[in-house]
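Here's the structure, in structure tokens; my notes come after.
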Amino acid sequence: MRSIFFIFFISVHLYAITSIADKSAQLQLTQEQKQWLLEHPRIIVGMDPDYAPYEWVDKDGNHIGVVVDYMRELEKILGVHFEIVKNKSWEELLGLAKKGELDMLTSIVKTPERSKYLTFSEPYHDAPTIIVDNGKGTFIGNLKQLSNKRVVVEKDYFMAEFINNKYPNILLISAPNTKEALKMVLDGKADAYVGDANLVDYIIKKNHFNSLRFSGQTEYVSHQAFALTKGNEPLALILTQAMATIPKEEFDAMFNHWLNIDYGISRETLAKYSLFIALIFSIIGYWVYLLRREISHRKLAEQKLKTSETLYRELTEDVTDVIWKADSHHILTYISPSVEEQLGFRPDELVGHHVFEMFTDEGIAIIMERIKQRKENKEEAINDVYSIFEVQHKRKDGSFIWGEVVSKAVYDKNKTVIGYHGISRDTTARKEMEKEKELLYQELDHRVKNNLQVISSIVSLHSLQEDTSRSLEDIHNTISAISLAHDKLHQNATHKTLEIKHYITALLDNLLASSVLDIQKEVNSPEIYLNAPYSITLGIIINEFVSNAIKYAFKGISSPKITVNISKKQDFIAILVSDNGIGFKEEEAQNSGIGMDIITTLVKSKFKTDVRFFHSNGTSMSLKIPYM
């Protein structure tokens, strides 16, 4: 028997040695890493004395726990010795690490502050960070709900730094260890505890803090890792590589061993509770089975209801139009959130109020007339799909907007009105556009009448001339000038003003294109906009001057040219139109033709000023146009 036991012991020992050798072979350390390990065979380690189940000190003063077992495995793989510092608190160990008086810390979470003086390995274990309360209040959910609440954490643990940085409104309280922190929650000295889920689970089981409750989870994770002090940075990567050789199943076995240790519950108690639980399960088993079908049906119905609610919410809350409902007395029972954008009122400021409070007196009169018509023709009203009317709405700030209301009455089986629902749409922009169009049509009508009067006057003047063909040509040019002005006006968004330089340039292009002479043009002007009547009058004046120049000014001139100079003064625009033609004498100017008469007449009647002609080095025309 002893021989068999000895053979078994030797086999297990040889298997362990082979397993360690295999893990060491998997490391594939660089020469520099191997040399570093040879130069550092002894690693001074700081380990939290009260951090179960990861690591803690037992009653005999020995360090035990998951990480202690894990480090013993790493010692075998790396061929080094981890010497644990004893009789030091976690706070003291952090102080030694900052001074560089130890080589490594275990079971530590990386934070921005700690990263200033420590280098971290990859984590060897992750645990969620949870919220625990005394179970008497409502479920907390997340850290945002703890604003202005008392939250206890362990002194110098990682959560204190994270909470201070992101949630400054949380009132932090420090406890020396996890047990004392949870006890403060039990005693009502703190509203909640935040920390590592494995720590919480272990302490609650060990100390029977059964009234404590898991009440939420944070966005943080407790990434347990090794941290190396300055001068020991290469060990971080070496440890990470060594940890990779240990299978996850092997680490989980270590962890579960320490997490599942029994603390004080007797077998008899367990048996009694087990029997009671088995009895309860037997009683409720069949009830659960029956409920499953009902739950399945309810879930399906809830899903359909949720889908319907989502669709309804999208239709009512995401549209720009205002959707509303009212009872038979015209009291609002619902109004969509878009009403705040249109009228400035929140929905809760209108629900419960009469719909008339949203309308002007004129609007109320229109609605009352519709209600009266509905009562007088009840059968016809019932068959109506909806009613549409446009009224002014009152905004919260005292201003008004126009709104189109589409309303429909709701009837019961006795054809009695039990309420109303509908949609209201802001039509202010449309009303302003319609008003603008009406003013524009009036303006266009006025322009057409004025232009026809001008054309009529010009035709009358030209009818006095003997040369009919030239008269018709002049009239045609005048009409073309007016037409061109209207074309340019229609290209302008407001249809009210013309940019003078562009208009005069286009006018000269049209006039000079009909001449057999190669006449050059030059238009010098800043960007100036004139209203439609002044623009058209100026166009006719320049048309008459240039038409005369084309007919009479350029006989024997080798390089004929028309020049227009426009400048803006304080309250008028100065215009000088010139040709470089033969000019004419003063006595000839008295009989210069119908064109000069038209120019003089238009300048006096439209611009209330005089025009001057100059006859040296060609002919020039100077006039001023009032400008505001």
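The values are calculated or read from the model by the stated rules, or taken from the named source; none is laboratory data. All values reported here derive from a predicted model rather than from experimental measurement. As a convention, Cβ positions derive from the backbone with ideal geometry for all residues, glycine included, and neighbour counts pool all protein chains shown. Ligands, DNA and RNA are stripped out before the accessible areas are found, and what is left, the full protein with its side chains, is counted by its heavy atoms. Shrake-Rupley method; radii C 1.70, N 1.55, O 1.52, S 1.80 Å.
Overview of results
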{"item": "Within segment 480-499, tally of residues that are at pLDDT 65 or above and closer than 22 Å to residue 550 by Cα", "result": "5"}
{"item": "Selection from segment 539-562 of residues that are open to solvent by 50 Å² or more (accessible area, probe 1.4 Å) and either hydroxyl-bearing (Ser, Thr, Tyr) or in contact (Cβ under 8 Å) with a residue 40 or more places away in the chain (or both)", "result": "552, 558, 559, 561"}
{"item": "Residue ranges of strands (runs of 3 or more DSSP E) in segment 310-413 with at least 1 members at pLDDT below 80 and within 14 Å of residue 425 (Cα to Cα)", "result": "387-394"}
{"item": "Odd one out for residue 20, checked against (1) in contact with an Asp or Glu (Cβ under 9 Å, 6 or more places away or on another chain); (2) modelled with pLDDT of 90 or more", "result": "(2)"}
{"item": "Unmet requirement for residue 351, which otherwise passes all of (1) aliphatic (A, V, I, L, M); (2) under 21 Å from residue 392 (Cβ atoms); (3) open to solvent by 50 Å² or more (accessible area, probe 1.4 Å)", "result": "(2)"}
{"item": "Identity of the residue in segment 126-156, more than 38 Å from the chain's Cα centre (by Cα) and open to solvent by 20 Å² or more (accessible area, probe 1.4 Å), that ends up nearest to residue 36 (Cα to Cα)", "result": "156"}
{"item": "Odd one out for residue 205 among (1) surrounded by 17 or more Cβ atoms within 10 Å (Cβ to Cβ); (2) touching a strand residue (DSSP E or B) at 6+ places or on another chain (Cβ under 9 Å); (3) of a type in the set (D, E, K, R)", "result": "(2)"}
{"item": "Counted residues, segment 210-241 - those being out of contact with any strand residue (DSSP E or B) (no Cβ under 9 Å at 6 or more places or on another chain) and in a loop (DSSP other than H, G, I, E, B)", "result": "3"}
{"item": "Segment 58-85, residues that are touching a Pro at 6+ places or on another chain (Cβ under 8 Å) and either open to solvent by 40 Å² or more (accessible area, probe 1.4 Å) or not aliphatic (A, V, I, L, M) (or both)", "result": "63, 65, 79, 81"}
{"item": "Count of segment 57-77 residues which are closer than 21 Å to residue 120 by Cα, in contact with a strand residue (DSSP E or B) (Cβ under 9 Å, 6 or more places away or on another chain) and among the hydrophobic types (A, V, I, L, M, F, W, C)", "result": "5"}
{"item": "Of the criteria (1) over 23 Å from residue 397 (Cα atoms); (2) touching a residue at least 24 places away in the same chain (Cβ under 8 Å), which one residue 345 fails", "result": "(1)"}
